[in-house]
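All remarks here apply to the structure that follows.
The values are calculated or read from the model by the stated rules, or taken from the named source; none is laboratory data. All values derive from a computational prediction rather than experimental measurement. No Cβ is skipped: glycine too gets one built from the backbone with ideal geometry, and neighbour counts run over all protein chains shown. Keep in mind that these areas ignore ligands, DNA and RNA; they rest on the heavy atoms of the full protein, side chains included. Shrake-Rupley method; radii C 1.70, N 1.55, O 1.52, S 1.80 Å.
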Amino acid sequence: MLHIAIIGSGPAGYYTAEAAQKQWGDNVRVDIFDMLPVPYGLIRFGVAPDHQSIKGVVRRYEQTALSENVRFVGNVKVGQDVSVDELLTLYDAVVLATGAPRDRQLGIPGDHLGNVHGSAAFVGWYNGHPEFTALAPDLSGHTAVVIGMGNVALDVARILAKTGDEFAGSDIVKHALDRLMASNIRRIIILGRRGPHQIMMTPKELGELGHLSRATPWVDPRDLPDQADDALLEPGIRKSVTQLRSFATISESRRADLPLEIEFDFFASPRALLGTGKVEALEVERTRIEAGRAIGTGEFYLIQASLIVSCIGYQTTPIAGVPFDERAGRFANDKGRILTGLYCVGWARRGPSGTIGTNRPDGFGVVEMIAEDITSASRKQGGRGFDALAGARKLNVVTFQDWKKIEVAEASRARDGAPREKFVDVAEMIHARD
Ligand code: NAP
């Protein structure tokens, strides 16, 4: 019997468990740990609440979770409740699937000012992550700047722009919906340090901005490169650029009709945040592109704004004793192997890029590697050993069956048309199980 511990119950974790089942069938036991009492990581806390069809992928993870040789071990913080070294003595392989839950820092003067939030915090707030429930962003001002031109920036801009009706069927948490409905924001600027040809946004997600009921996107036609140059782009980006071109043709009257505008500000690098206590303005330097890089031109301007959300990427949280690549913001690893017996997958391996599905081959890859590394029969205790340790430490472990109770309780308190009203604090989640 082979014993595998997977740390993190998001997509990378469940795809790895699925791959382990395919590889070893009944000869493997998998424990999937999560620091929270609820599973699915990025799907619950990262995917936008109005993108329910994407969240449907959890049905696949649930099939894995409900199989006999896979357990969910929730409410256990690896690195605190149990160390990686302890897990390595109990399991044949430990796979870190902890994602990249920390914000990359802007690293500019003023980034500590009030109402400057990273996307991990801001997205965590509207998705009900217990760590960010109390964020309470101030939406009383007129202008918000969303820094970055990836899909997370699009999520944030769209959530800030939607009406109550547009959240029907979503699982946005009540504290966020209430605050958003009272928002005064009328201008959302999506700021990119490079140009339209360098955006990271995908066409479908970009297209959603064109269908909002009270907001219109706007691209200044002068920012668009020669249309002939679009032919040189990779097809996905070319489609996104075509979307941007359509935003540049939106009529003055349509823009004037709608109360909220989402403006794209290209060639604009954030240099400083200004304000007393809270942010009041963003200082920006115009850039030009040289060999694909943004180069400052020395021309500066100010944007008056009272909310800043920087969506510039994420980093993995280090775990005591695990080699970490500070520059890349993920575990130091060679194609997923940190050392024999200790592995990483998903964003914890390769950084925050790609789609949810990208994690599937990752999981299968790491399982192949484990199969190469582990050639002799196991003498490890696996889950039995962990249960003894958890008992001795009086850990309040949450099982998958417990989660199903929490899930039912969340569904039963949902507002009309919504799939669930999430519990946003750990004690509430555990209470729903008890
Ligand atoms: P991303 O796609 O890597 O985009 C990050 C953006 O931040 C880029 O435009 C980057 O500009 C900019 N940036 C980085 N450092 C900056 C700085 N110091 N100053 C100004 N701008 C800076 O990351 P993401 O949006 O966080 O998305 C992460 C992953 O999740 C992506 O693979 C994304 O597609 C995926 N995702 C998918 C969906 C969906 O499919 N619906 C939704 C959300 C996220 P440069 O290019 O100039 O570096």
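Figures for the structure shown
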{"item": "Heavy-atom accessible area ranking, 1.4 Å probe, most first, across F132, F247", "result": "F132, F247"}
{"item": "Residues whose placed amide H lies under 5 Å from that of L342, excluding near-sequence neighbours", "result": "V94"}
{"item": "Partner lysines for K394 [C-alpha distance under 21 Å; skip if fewer than 8 residues away on the same chain]", "result": "K77"}
{"item": "Percent antiparallel among DSSP beta bridges (both partners in the chain, rounded to 5)", "result": "35"}
{"item": "Built amide H within the under 5 Å cut-off of V146, gap 5+", "result": "I189, I190, L191, V309"}
{"item": "Helix axis angle, 151-161 relative to the chain longest principal axis, alpha carbon, degrees", "result": "60"}
{"item": "Angle in degrees between helix 359-373 and the longest Cα principal axis of the chain, rounded to the nearest 10", "result": "30"}
{"item": "Under Karplus coefficients 6.51, -1.76 and 1.60, residue-wise ³J(HN,Hα) of the range 332-341 in Hz, glycine/proline x", "result": "6, 8, 10, 6, x, 8, 8, 7, 4, x"}
{"item": "Vicinal HN-Hα couplings computed from phi for the range 208-223 (Karplus, 6.51 cos²θ - 1.76 cosθ + 1.60; Hz; Gly/Pro x)", "result": "4, 5, x, 10, 8, 7, 10, 10, 10, x, 8, 10, 6, x, 5, 7"}
{"item": "Distance from the range 16-88 to the range 260-308 (C-alpha centre basis), Å", "result": "40"}
{"item": "Of the GluC sites (Glu not before Pro) in the range 300-399, those whose Cβ has at most 16 other Cβ within 10 Å and which sit in DSSP loop", "result": "E326"}
{"item": "Relative contact order computed over the range 246-285 (Cα-Cα under 8 Å; 6+ residues apart), in percent", "result": "27"}
{"item": "Kirkwood-type radius of the range 143-256, with distances r between different C-alpha atoms, in Å", "result": "15.1"}
{"item": "Long-range HN-HN contacts of G141 with modeled amide H, under 5 Å", "result": "N184"}
{"item": "Listed peptides 170-180, 10-20 by packing density, highest first (mean Cβ within 10 Å)", "result": "10-20, 170-180"}
{"item": "Dimensionless Rg/Rh of the chain - Kirkwood Rh, Rg from C-alpha atoms", "result": "0.99"}
{"item": "Percentage relative contact order, the range 104-310, counting C-alpha pairs under 8 Å, at least six apart", "result": "30"}
{"item": "Solvent-accessible heavy-atom area per residue, rounded to whole Å², over the range 69-215 at 1.4 Å", "result": "35"}
{"item": "Residues of the range 54-98 with amide N under 11 Å of the 7 Å Cα→Cβ point at Q23", "result": "93-95"}
{"item": "Fraction of beta bridges assigned by DSSP in the range 104-310 that are antiparallel (%, nearest 5)", "result": "40"}
{"item": "Protection proxy ranking of 304-310, 72-78, 249-255 - average other beta-carbon atoms within 10 Å, highest first", "result": "304-310, 72-78, 249-255"}
{"item": "Karplus (6.51, -1.76, 1.60) ³J(HN,Hα), θ = phi - 60°, over the range 261-276, in Hz, Gly and Pro reported as x", "result": "10, 10, 9, 9, 10, 8, 6, 9, 9, x, 10, 7, 10, 10, x, 10"}
{"item": "Helix axis angle, 11-24 relative to the chain longest principal axis, alpha carbon, degrees", "result": "40"}
{"item": "Restraint check, K55/K404; K22/K204; K162/K204; K55/K422, Cα-Cα greater than 25 Å", "result": "K22/K204"}
{"item": "Over the range 38-154, relative contact order from alpha-carbon pairs under 8 Å, at least 6 apart, %", "result": "25"}
{"item": "Relative packing of peptides 159-167, 114-122 - highest average C-beta neighbours within 10 Å first", "result": "114-122, 159-167"}
